[in-house]
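For reference, the structure is listed below as structure tokens.
The values are calculated or read from the model by the stated rules, or taken from the named source; none is laboratory data. Bear in mind the structure is a predicted one, so any value in this text is a computation, not a measurement. When we count neighbours, we look across all protein chains shown, and the Cβ atoms used for this are built from the backbone with ideal geometry, even at glycine. Each accessible area value is taken on the protein alone, full model and side chains, heavy atoms only, with ligands, DNA and RNA left out. Shrake-Rupley method; radii C 1.70, N 1.55, O 1.52, S 1.80 Å.
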Amino acid sequence: MKALLTPYYQPELGIIILKPGAELLKKLCTGNRIIISQSGEEYAGIKSGIIQDEQPLLNNKYIDPFILHDTVVNKLKNLYNFDYFLNQRYKCQLEDGEYCHHELVNEKVGNSAIRVCWHHNKDLVIDDNVKTLAKRNLKKFLIECVINQLKHDSNHLLSIQELAWWAVINKLHELIPENMARLLHNRPIEEIKSVYKESELVASDDRSKPRLQNEINNTHQHLQALFKPVKKIAVNPESPESFMLRPKLKRWECEKYTQWVKTQLCVCCGNQADDPHHIIGYGQGKMGGKAHDIFTLPLCRIHHNELHKNTEEWEQKHGSQILLLIQFLDRVFGMKVIT
């Protein structure tokens, strides 16, 4: 049993007062010691009192068509061991208080199973209660697998939004049913009536699932556009100039790249940059021109003006332009902006 309580501090007396309430007070009057720990972010907004250990999604029937879908079940069973889960969690699940054999087995029920002893297994009848128990075992196993894949601790309470996010990153979002999509949009579950009045029939598509699919697809396309390289470099090992003793050097220009540099944060202050600064003072600009566009740094207007006003003083304060350029290019290539 877990409980969430608000502490009332009495520093003058060196004590902390907890008000458990009538129901919890009865449970704490056993004389046994209790463990006290700080609550995490997952308990924010929850009222004081007994905390249910069970996952809230266990009792949510609207996620069943998704989480119990064969594709989801097979995917997670290939990654995690269902039998090991049952062995670690349960004793005989059909214990009736009379007799249980010490040997336990996992009795398969459909694509799930229950943990039973030999005594209860020999006369086992697969009725509705056993099927419900097996379904709950499988559902709890799958929820814990999702929690593990999302890198949460074992006490984390999985939300329906997190389950949907897991579906998206595993490309299973097309399996999300209509009612689950309605819950994700904070819309009420639509009740299907056996008889409708003519006035209740509306010729419109009010489904949440297509809307959810469009939102996911649009977001995916937007992310793909963000990760699209700004510039692709073509290597020409046999350029005519490479065979000349004194080739005429040309300036490398790429307006698309300099415009992207302008969208980054200033390397000095971390604010939004205003200009793509071409490094100066290192002999890169030929005949009074600028350095190659690849030798640019994102700078805000203030630091850009300061650099051109007194380059030496600027570098003493913020560091060498060459070092800042190497660090920035390392980030550029690491982000695959240039490939």
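With the gyration tensor restricted to C-alpha atoms of segment 174-217, the semi-axes of the equivalent ellipsoid amount to 23, 12, 8 Å, longest first.
Count neighbours as other Cβ atoms within 10 Å of each site's Cβ, and list the trypsin sites (Lys or Arg not before Pro) in segment 45-131 that are DSSP loop with at most 15 such neighbours.
Values: sites: 47, 61, 75, 77, 89, 91, 108, 115, 122, 131; in loops: 47, 91.
In loop regions of segment 45-131 (DSSP not H, G, I, E or B), the sparsely surrounded trypsin sites (Lys or Arg not before Pro) are 47, 91.
Mean separation of Cα pairs under 8 Å and 6 or more residues apart, divided by the residue count, gives segment 49-177 a relative contact order of 29 percent. Other residues lying with their Cβ under 13 Å from the Cβ of residue 177 contribute a combined charge of 0, Lys and Arg counting +1, Asp and Glu -1.
Two numbers describe the Cα atoms of segment 191-339: Rg and Dmax, which are 25.6, 90 Å. For the chain, the carbon plus sulfur part of the accessible surface works out to 52%, probe radius 1.4 Å. Given in Å, the Rg to one decimal and the Dmax to the nearest whole number for the Cα atoms of segment 143-254 are 26.4, 90.
Expressed as cubic angstrom per residue, what is the convex hull volume of the alpha carbon set of segment 87-196?
Value for segment 87-196: 174 Å³ per residue.
At q = 0.14, 0.15 Å⁻¹, what log₁₀ I(q)/I(0) does the chain have when each alpha carbon counts as one equal point scatterer in the Debye sum? Log10 of I(q)/I(0), two decimals: -1.18, -1.25. Mind checking which of 145, 117, 266 has the largest fluctuation in a GNM of the chain, springs on alpha carbons under 10 Å? In this elastic network of the chain, the residue with the biggest mean-square fluctuation among 145, 117, 266 is 266. Take every pair of alpha-carbon atoms less than 8 Å apart whose residues are at least six positions apart; their mean separation over the length of the chain yields a relative contact order of 10 percent. How would segment 16-139 be classified by its alpha-carbon gyration tensor: rounded, prolate or oblate, with rounded meaning a/c under 1.5 and the a/b versus b/c comparison settling the rest? Oblate is the answer for segment 16-139, as a/c is 1.5 or above yet b/c matches or exceeds a/b. Heavy-atom accessible area, probed at 1.4 angstrom with all protein chains present, ranks 295, 333, 141 as 333, 295, 141, highest first.
Expressed as cubic angstrom per residue, what is the convex hull volume of the alpha carbon set of segment 128-182?
On the way: hull volume 5.5 nm³, N = 55.
So the per-residue hull volume is 100 Å³.
Neighbours of residue 269 by Cβ distance under 15 Å: Lys/Arg scored +1, Asp/Glu scored -1, total -1. Using 0.36 nm per residue and subtracting the Cα-Cα separation, the extra length available between residue 122 and residue 317 on full extension is 62.0 nm.
For 244, 335, write out the residues from largest to smallest accessible area, computed with a 1.4 angstrom probe and no ligands counted.
Working: 244 100, 335 80 Å².
Accessible-area ranking of 244, 335, largest first: 244, 335.
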